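A.B. asks: The following block contains the structure, expressed as structure tokens.
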């Protein structure tokens, strides 16, 4: 999947547990776990806003785009 979720990195930086974040954001720990593992198909802007507010970060800190085609081309050209 080209979109990488870095929620676990942000949790480690903030020394926060998933259940604590779920309580502060107002979503279930199960739904947050689905997001953390990259299995989520979508995220509401309101949820993203609350995650950024609680974790004191920007959306780009939580998500990254990795282009597998560009990675494969770089390997092929080297």
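The values are calculated or read from the model by the stated rules, or taken from the named source; none is laboratory data. Values in this document were obtained by computation on a predicted structure and should not be read as measured data. All Cβ positions, glycine included, derive from the backbone under ideal geometry; neighbour counts span all protein chains shown.
A.B. asks: For the condition surrounded by 15 or more Cβ atoms within 10 Å (Cβ to Cβ), over 13 Å from the mean Cα position of the chain (by Cα) and assigned to a loop (DSSP other than H, G, I, E, B), what is the one hit in 27, 43?
C.D. replies: Going through 27, 43 in turn, the sole match is 27.
A.B. asks: Do we have residue 32 as closer than 19 Å to residue 4 by Cα, touching a helix residue (DSSP H, G or I) at 6+ places or on another chain (Cβ under 7 Å) and surrounded by 16 or more Cβ atoms within 10 Å (Cβ to Cβ) here? Show your work before the answer.
C.D. replies: On the way: closer than 19 Å to residue 4 by Cα: yes; touching a helix residue (DSSP H, G or I) at 6+ places or on another chain (Cβ under 7 Å): yes; surrounded by 16 or more Cβ atoms within 10 Å (Cβ to Cβ): yes.
In short, yes.
A.B. asks: Answer yes or no: is there a residue in the stretch 57-70 that is part of a loop (DSSP other than H, G, I, E, B) and at pLDDT 95 or above.
C.D. replies: Yes, the stretch 57-70 contains a residue that is part of a loop (DSSP other than H, G, I, E, B) and at pLDDT 95 or above.
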